[in-house]
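Asks: Handing you a structure now.
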Amino acid sequence: MTAEGCHRFFWGARMTSKNFTFTTLHLDDSVLVTLHGGIDHRAGPALDALIGGLPERLSSLVVEACDVPFMDATGMRFLLRLQRLAARRRFDLHSRGWQAQPGQLYDLAAHLQGSRAGETSPAVDEGRRQLRTHLELRSLQHRAHGARQALRTPPQ
């Protein structure tokens, strides 16, 4: 909060590349980043701009990824860079809404970063367990949706 007791709130960058967009929303010293579209090599310059545009003073960063259906090694590199930046600048990094395929890469990135840092704490293990449970639930929901669709489609 500012000295006047009001929150500093503003929209940050909005950048697009072919089939990929991100927006940022700043509130005091926290940033919400919303990703839209698939993350592949074409999204690399936008992701670089996102990281380069983060404020120096940051207490937390939340990455919302509900609209990311897939990502490749470019997304993995982005996640690892964010994790290293959070560790170096000492801000909290959170993410949510990962779909199945990018969620699996997110889990792998968290595992790789944790392995490098030697993290084996119960909190890290619990986070991984919750993520796996979430991914399994999403997979079941996806299969159930497909089964419902198949039941609705008349045989030809």
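Asks: So is residue 35 part of a strand (DSSP E or B), over 17 Å from residue 103 (Cβ atoms) and within 12 Å of the chain's Cα centre (by Cα) or not?
Replies: It is false that residue 35 is part of a strand (DSSP E or B), over 17 Å from residue 103 (Cβ atoms) and within 12 Å of the chain's Cα centre (by Cα).
Asks: Which pairs turn up if I take residues in segment 91-107 that are farther than 13 Å from residue 63 by Cα and in a helix (DSSP H, G or I) and look for partners that are among the polar types (S, T, N, Q) and open to solvent by less than 50 Å² (accessible area, probe 1.4 Å) with beta carbon separation below 7 Å, at least 6 apart in sequence or on another chain?
Replies: 100/139
Asks: With the structure loaded, tell me whether residue 28 is modelled with pLDDT under 90 and of a type in the set (D, E, K, R) or whether it fails that test.
Replies: yes
Asks: May I pose another question? If I filter segment 60-104 down to residues being of a type in the set (Phe, Trp, Tyr) and modelled with pLDDT of 85 or more, which single residue comes out as surrounded by the fewest Cβ atoms within 10 Å (Cβ to Cβ)?
Replies: Among residues in segment 60-104 that are of a type in the set (Phe, Trp, Tyr) and modelled with pLDDT of 85 or more, the one surrounded by the fewest Cβ atoms within 10 Å (Cβ to Cβ) is 70.
The values are calculated or read from the model by the stated rules, or taken from the named source; none is laboratory data. All figures in this text were calculated on a predicted structure; none of them were measured in a lab. Cβ sites come from the backbone with ideal geometry, for glycine too, and all protein chains shown count toward neighbours. Calculation scope for accessible area: heavy atoms of the full protein, side chains included, ligands and nucleic acids excluded. Shrake-Rupley method; radii C 1.70, N 1.55, O 1.52, S 1.80 Å.
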